[in-house]
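See structure below.
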Amino acid sequence: MDLFRDILLEIEAQPAGKLIDEIKCPDKHSIEEVLGHLRLIEQAGLIDGQVQFFDGGAFVAIHGLSNEGHDLLDSIRGEAVWQKTKERVEEVGGSVALDTLKAIAGAVTAKLLGLGMLAER
């Protein structure tokens, strides 16, 4: 899950209007893992761009995050929210759908803000 968030943060950090054709690969992850996650991020509609695989390589052309990508990143940007969100995901087996991840992050944020009724939903 950290790689997913790291990629979104990396894309957001790029200058506006710059075509992104490579993503810095964190040392602990292979290029194949990064490209696989990028493909999932593209399929989820979180980026404005494309990731295409071909024999022997991949083509990456990203213009930035989509509105949905910005919204998701905003909900998991804070380190405290991210850590608690990951803990909650681990409690249910370590893997959840994107919508569930957003819901968990929203509940964690509400709880951290002291909005107890919202956090219980």
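Please treat every number below as a calculation from the coordinates, not as lab data. Owing to the predicted nature of the structure, the values given are computational and were not obtained by experimental measurement. Cβ coordinates were reconstructed from backbone atoms using ideal geometry, including for glycine residues, and neighbour counts include every protein chain displayed.
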Using a 10 angstrom cutoff on alpha carbons, build the Gaussian network for the chain and name the most mobile of 29, 63, 37. 29
Lysines whose Cα lies under 20 Å from that of residue 102, excluding same-chain neighbours fewer than 8 positions away: 84, 86, 111
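Please report the equivalent ellipsoid semi-axes of the chain, computed as sqrt(5 x eigenvalue) of the Cα gyration tensor, largest first, in whole Å.
Working: eigenvalues 160, 48, 28 Å².
The answer is 28, 15, 12 Å, longest axis first.
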Inter-label distance for residue 87 and residue 21, nm, one decimal - labels placed 7 Å from Cα along Cα-to-Cβ: 4.4 nm
Report the gain in length on full extension from residue 79 to residue 32: 0.36 nm times residue separation, minus Cα-Cα distance, nm rounded to one decimal. 14.3 nm
Which ³J(HN,Hα) values in Hz, rounded to whole numbers, follow from the phi angles of region 75-90 under the Karplus curve 6.51 cos²θ - 1.76 cosθ + 1.60, where θ = phi - 60° and Gly and Pro get x? 7, 10, 5, x, 4, 5, 5, 4, 4, 5, 5, 4, 4, 5, 5, 4
The chain, relative contact order [Cα under 8 Å, separation at least 6], %: 20 percent
Ratio Rg/Rh [Cα only; Rh per Kirkwood] for region 78-120: 0.96
Between residue 50 and residue 1, Cβ-based FRET efficiency (R0 22 Å, step 0.05) works out to 0.40
On C-alpha positions alone, give me the angle between the axis of helix 98-112 and the longest principal axis of the chain, in degrees, nearest 10. 40 degrees
